[in-house]
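Just so it is clear, none of the values below were taken in a lab; they were calculated from the coordinates. Values in this document were obtained by computation on a predicted structure and should not be read as measured data. Cβ placement follows ideal geometry from the backbone for every residue including glycine, while neighbour counts extend to all protein chains displayed.
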Amino acid sequence: MDAAGLVRRAAPAAAVLTGLGTCLPRTEIPNSALADVLDTSDEWIRTRTGIAARRRAAPAVSLADLAGAAAGNALRSAGRDTVDALVVATSTPERPCPAVAPELAHRLGQGAIPAFDVSAVCSGFVYATATAAGLLAAGLADHVLVVAAEIYSRIVDPTDRATAVLFGDGAGAVVLRRGTQDEAGALLAFDLGSDGAGRDLIRVPGEREQPTGERWFTMAGRQVYLQAIRHMSNSALRVLKDCAWDAETLGAFVAHQANARIIDAVAAQLGVPSWAVVRELALVGNTAAASIPLALADAAAAGRIGPGARTVLTAFGGGLTWGSTALIWPELAPVRSEI
Ligand code: UT7
């Protein structure tokens, strides 16, 4: 009891965002380059998706190269050399086994820390962040590195205009530390969900499912479009309710950067002011799990997200999976690079 007779309870433990880094491949593929080889046009792609260009990893660049550069940048942004655990979100692993995370921990000189991959497609960053928050809350780690890295150019059929125009390569990473809910940067609420009935809407077939021929990524675009709007709106709403925030008070709303029309539809359903809606996909396309940290870094570097902004992140992807979280944006200098 303090002097006023009130019982003061310590704020519950929380994962606090303390570093943000990204890495993009140098090669930019403008819409015009795709229109040269596919039955599509710059106008169709811009008006239907808001995408003008995407990045493509050079053949010599591995997922670990891209992820490692983003992870190193996040550590520099956090001003740290070491973490206690590493979680990677990816849907474009180089191989089914082993995960890339141990390789990454080794490359980053992190010793024998726990390191594993999370597979939740475009929701992977939010799922991996929630997993990291669990490790921090359980006292299993004080600092966790979360890396989302994707090289879709290796799983998308270059002759399929329905997918080739959408996806791009890139990586984003954050450092989370154990702190309290009253700090700026604390992840205040999570909502996670899945619906396996929609498992065929976004997929790369396995060897048993498709024994012969190229096993490319496929997506039922229109159905995914509708499900993405529905699930991101509902999930973000649950997080807003948990935080007792009105959508009108948001300073930044960062939905998975799949398509500008989807982002705008979700924001409109929730009543987010249009100036708070983060759209950073024009020059990178849909980078799957990497899209939220890439958008956060670009928006923060450009001053579109500033310290103190009520921020909601929401994602949707194959599985189907979805997830959202919320935070007050902290003082943070993102570190970005190209490879
Ligand atoms: O990251 C995981 C989550 N992914 C997403 O959330 C993506 C969700 N889906 C989408 O973003 C959109 O559905 C697309 C951008 C994929 C497609 O936009 P849409 O407005 O839903 O178009 P649509 O699929 O209804 O197709 C309209 C027309 C079709 O022609 P018909 O049947 O009307 O003659 C398509 O064949 O547009 C055609 N089309 C294209 N035309 C030119 C499809 N892709 C292209 C293209 N260029 N690249």
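Here are the numbers:
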{"read-out": "For segment 13-180, the Rg and Dmax computed from alpha carbons only, in angstrom", "value": "17.2, 54"}
{"read-out": "Residue with peak Gaussian network fluctuation, the chain [Cα springs, cutoff 10 Å], from 86, 313, 283", "value": "283"}
{"read-out": "Protection proxy ranking, peptides 200-208, 63-71, average beta carbon neighbours within 10 Å, highest first", "value": "63-71, 200-208"}
{"read-out": "For segment 187-334: rounded, prolate or oblate by the Cα gyration tensor [a/c cutoff 1.5]", "value": "prolate"}
{"read-out": "Point-to-point label distance, residue 268-residue 302, nm (Cα→Cβ direction, 7 Å offset)", "value": "2.1 nm"}
{"read-out": "Relative counts (whole %) of C-alpha pair distances in segment 130-262, using bins that are 10 Å wide", "value": "9, 29, 34, 22, 6, 0"}
{"read-out": "Ranked list, fewest to most other Cβ atoms within 10 Å of each Cβ, for 38, 296, 135, 250", "value": "38, 135, 250, 296"}
{"read-out": "Order of 146, 266 - criterion: other Cβ atoms within 10 Å of each residue's Cβ, fewest first", "value": "266, 146"}
{"read-out": "HN-Hα J in Hz across segment 302-310 - Karplus 6.51, -1.76, 1.60, θ = phi - 60°, x for Gly and Pro", "value": "8, x, 7, 10, x, x, x, 6, 5"}
{"read-out": "DSSP beta bridge pairing in segment 187-334, given as percent antiparallel to the nearest 5", "value": "75 percent"}
{"read-out": "Value of [θ]222 nm, deg cm²/dmol, for the chain, DSSP H segments ≥ 4, -39500 (n - 2.57) each, nearest 500", "value": "-9000 deg cm²/dmol"}
{"read-out": "Simple label model, 7 Å out from Cα along Cβ direction - residue 80 to residue 107, nm", "value": "2.0 nm"}
{"read-out": "For the chain, the Rg and Dmax computed from alpha carbons only, in angstrom", "value": "19.3, 75"}
{"read-out": "Distant-in-sequence amide H partners of residue 20 (H built 1.01 Å from N, under 5 Å)", "value": "77, 78, 175, 335"}
{"read-out": "Cβ-based exposure ranking for 113, 292, in which fewest neighbours within 10 Å come first", "value": "113, 292"}
{"read-out": "Extension gain, residue 195 back to residue 157 (0.36 nm per residue minus Cα-Cα distance, nm)", "value": "11.1 nm"}
